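A short write-up of the structure that comes next.
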Amino acid sequence: MKKKKLLPLFAAVCVASAAYAGVVVHAETEYTDTIADGVYIGSIDVGGMTEAEAVDAVNSYVDGLGTKQFTLAAGSNSITVSGSDLGLRMPDQTTVMKAMDVCKTGSLIKRYKDKKDLEHGDKIFELSLSADKETVKSLLEEKAGDLNQEAVDCELARNGEVFEIVDGKQGIQVNIDDSVEKVLAYIDTEWDQETSGTISLAADVVEPRGTKEELSKVKDLLGGFSTNFSTSSSNRCTNIAVAAGKINGTLLYPGEEFSVYETIGPMDAANGYELAGAYENGQTVESYGGGVCQVSTTLYNAVILSELEITQRSNHSMIVTYVKPSMDAAIAGDYKDLRFKNNQDSPIYIEGYTAGKDLYFNIFGAETRPSNRKISFESEVVSTDDPPTKYVGTGDPAGSMATAQGKHTGYVAQLWKIVTVDGVEQSREIFNKSTYKASPKIVNVGTASPDPNISAIIGAALESGDEAAILAAVAQAQAAVAPPPDQQPTQETWNPQ
């Protein structure tokens, strides 16, 4: 009984095996090195293509998507970038191999099924794309300035003797790391690979600095100082007024550092400055912004009286006349600057202006120092260097003399900070030290004469460096060119008045 039941089953298996054997033979005779017809990668028909042709077709498609435009938005700011800017790529590099495998690999049953499936419809492999994470991050870091919206800090405006508070405005700052993930997620799951898209970036709200409560504390005069510039040229007066105006109204929050050079620069005609005298390498030269050092010096003295923290200060190369030695602060290029930090717990306000030929700086804040405590600064000259007059020969007529540069005495000086309480001195300490170069008076002496003896006499005197010999040689040259006594003008024609 059991054997009779097994015979039909054995026969069925043999028939099925024979059938699949026929499929195998058929599959082997149909095998080619091209992808089966009806196979797609995304929207790309790769049927009939070799592996290399399919790779080229997919790469060409992806390259074409590199021209697609995307809008990256952060608040009201946005930028437009291309797909190539985001580093578009196909992360699954095996997709073409999978397409090649259709009807060619796997079990006999799988290959037979693949073929039957293609007879009823296309086989489509998903073309997944992604953006390159590092490329997107670098792009957002580079474009952050275009996407961020700077917060506008609360400000103070001084109206006569009264301060008015000006409200600030919130800002927006792109969160780079979170925004990278949003871009990647959009390309991976939301983009249809056909249209351009808008991607909303992750951004953090930046609150403006300053509150009405905080700014209302700014009402006390912490320190003030003034200097006079009545002997200045018109251009120098202009430069002083321009630089003071650029500093006026500055609000410095706790811990914030202020740079005079960065605030008033650049020193050029486009920024409102004129040519005026300035020190350069021990010489007085015409320079745009000549005179702004008086601005930094005046501010420096207001700052130290306010006891703010000085972080950078340089004295002039030569002595100045509008303050005592060691009380100056020079500005030169980007290597000499006056910088100071607000070391208070509340904001400070800097007021700077000119009135007539006087320059004023006042620093306002919240006074926390005891009313019976006073500070002052005292200049002390440690040593001096009085340079001799320097005589320089020129091609001017023999006997002529002209001052080319005035004398500058050299000094070594120091500034003392003195603290008193109820009028009694509590401390006296050296606050800074300064060294000023000596610069000689330069007198040009003419040496040109039709008489070579005269020129030789003056030249020899100049070479000796002896002032008495130089003056004697000049006098001899002057006498040699003077008219004879009988040809000199009479008193009446000399001075008819």
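Values quoted throughout were computed directly from the atomic coordinates according to the rules given, and no laboratory measurement underlies them. This structure is a prediction, so every number in the text was calculated from the model and none was measured. In this analysis, Cβ positions are derived from the backbone assuming ideal geometry, glycine residues included, and neighbour counts consider all displayed protein chains.
Cα centroids of the range 407-441 and the range 244-306: 22 Å apart.
Taking chymotrypsin sites (Phe, Trp or Tyr not before Pro) in DSSP loop states with no more than 12 other Cβ atoms inside 10 Å as exposed sites, the chain has its longest site-free stretch at 32-334. Only one residue of THR32, GLY160, ILE304 has its Cα farthest out toward the positive end of the dipole of the chain, where Lys and Arg carry +1 and Asp and Glu -1 on Cβ, and that residue is THR32. Counting neighbouring beta carbons within 10 Å and listing from fewest to most, the residues MET318, MET100 come out as MET318, MET100.
Expressed as a fraction of 2.2 N^0.38 Å, the value expected for a compact globular protein of N residues, the C-alpha radius of gyration of the range 217-369 is 0.99.
Which of the helices in the chain meet the span-like rule: DSSP H, Cα axial reach of 27 Å or more, Kyte-Doolittle mean at least 0.0? Going by DSSP H runs, the hits are 2-30. Taking only the C-alpha atoms of the chain, Rg followed by Dmax gives 43.7, 172 Å.
Toward the positive end of the charge dipole of the chain, about the Cα centre and with charges on Cβ (Lys, Arg +1; Asp, Glu -1), which of THR227, THR368, ALA270 goes farthest? My answer, from the dipole projection, is THR368. Taken about its Cα centre, the chain carries a charge dipole of about 1380 debye when Lys and Arg each add +1 at the Cβ and Asp and Glu each add -1 at the Cβ. May I ask which of LYS374/LYS407; LYS217/LYS341; LYS374/LYS437; LYS374/LYS433; LYS217/LYS336 have a Cα-Cα span longer than 28 Å here? Over 28 Å apart, Cα to Cα: LYS374/LYS407; LYS374/LYS437; LYS217/LYS336.
Starting from the Cα gyration tensor of the range 124-253, take the square roots of the eigenvalues, sort them a ≥ b ≥ c, and report rounded, prolate or oblate (rounded when a/c is under 1.5, otherwise prolate if a/b is larger than b/c, else oblate). Verdict is prolate for the range 124-253.
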